[in-house]
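Down below is the structure, laid out as structure tokens.
The values are calculated or read from the model by the stated rules, or taken from the named source; none is laboratory data. Everything numeric here is computed off the predicted structure, so don't read it as measured data. With ideal geometry, Cβ positions are generated from the backbone for all residues, glycine too; neighbour counts draw on all protein chains shown. These area figures cover heavy atoms from the full protein model, side chains too; ligands, DNA and RNA do not enter into them. Shrake-Rupley method; radii C 1.70, N 1.55, O 1.52, S 1.80 Å.
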Amino acid sequence: KEKFRKTIRDVARKIDQDNPPENSVPYLLASDSYYYYDLTKNIQETGTISPRFQASKYFHPKMSAPDGYWEPLNLHPYLGFIIHRILSFFNKEIPLMFSVSITSLFVTVLTLIVFIITAGVMRVSPWTASIGSIYFLLGEIFLKRSAFAWYDNDPYNVFFPLLLIMILSFGFGSKSQ
């Protein structure tokens, strides 16, 4: 049994030595991430998601091929591109795929800030807000959908309702004082 495991380790080590990794960029998680990545590449190459817009939709030639499809406008790829531009300022060689991998983490940090501000407006004690933010961030569905290399628009499903609660909290808080 030990000889068998040693053989597996030796073969794995030999494979790693013979085939060094060519690319240190992580792959994106899930197929939707590549959909948004492709749109972000369009922005990087042409300056826009699509050359054709109509009302609040853009034409996506790769959807429903070969005819294409009119998709509702989505600003998520633009956020990924802005994050890429910011990171490119510090490292000119940073790959687009690595930059967009951070987008969900960025939205998570914004969501956490909104959560803490909302807790403060509601006069929640700092200790309770800290424990609540830990539970909030470790919620299974939120943790899974806001991981590094998850370039999908799922974190907005938490961010925007929480932002609205924060705004309402400001409104109700000032009314009661």
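Condition check for residue 94 on (1) in a loop (DSSP other than H, G, I, E, B); (2) farther than 18 Å from residue 149 by Cβ; (3) touching a helix residue (DSSP H, G or I) at 6+ places or on another chain (Cβ under 7 Å): one failure, at (2). If you go through region 61-72 and keep only what is under 13 Å from residue 42 (Cβ atoms) and open to solvent by 70 Å² or more (accessible area, probe 1.4 Å), you end up with 61, 62. Can you find even one residue in region 18-40 that is of a type in the set (A, V, I, L, M), under 33 Å from the mean Cα position of the chain (by Cα), more than 20 Å from residue 103 (Cα to Cα) and modelled with pLDDT under 90? The answer is no; no qualifying residue exists.
The residues on offer are 131, 165, 141, and the sole one that is modelled with pLDDT under 90 and assigned to a helix (DSSP H, G or I) is 141.
When residue 58 is tested against (1) under 30 Å from residue 110 (Cα atoms); (2) open to solvent by 60 Å² or more (accessible area, probe 1.4 Å); (3) over 21 Å from the mean Cα position of the chain (by Cα), only condition (2) is not met.
If you check residue 43 against the conditions, is it open to solvent by 50 Å² or more (accessible area, probe 1.4 Å), of a type in the set (Val, Ile, Thr) and outside any loop (DSSP other than H, G, I, E, B)?
no
The residues on offer are 90, 148, 115, 81, and the sole one that is open to solvent by 70 Å² or more (accessible area, probe 1.4 Å) and touching a residue at least 24 places away in the same chain (Cβ under 8 Å) is 148. Just give me the residues in region 118-128 being surrounded by 18 or more Cβ atoms within 10 Å (Cβ to Cβ) and among the polar types (S, T, N, Q), in sequence order. Passing the criteria: only 118. I need the full set of residues from region 24-40 which are assigned to a helix (DSSP H, G or I) and of a type in the set (Ser, Thr, Tyr), in order please. 31, 33, 34, 35, 36, 37, 40 - these are the residues of region 24-40 that are assigned to a helix (DSSP H, G or I) and of a type in the set (Ser, Thr, Tyr). Scanning region 46-78 for residues that are assigned to a helix (DSSP H, G or I) and free of Cβ contacts under 8 Å to residues at least 24 places away in the same chain gives a single hit, 46. Consider region 151-174 and keep the residues that are aromatic (Phe, Trp, Tyr) and free of Cβ contacts under 8 Å to residues at least 60 places away in the same chain. The one that is most open to solvent (accessible area, probe 1.4 Å) is 172. Given (1) at pLDDT 90 or above; (2) under 21 Å from residue 38 (Cβ atoms), identify the lone condition not met by residue 61. All conditions are met except number (1).
Scanning region 118-128 for residues that are in contact (Cβ under 8 Å) with a residue 24 or more places away in the chain and assigned to a helix (DSSP H, G or I) yields a total of 2.
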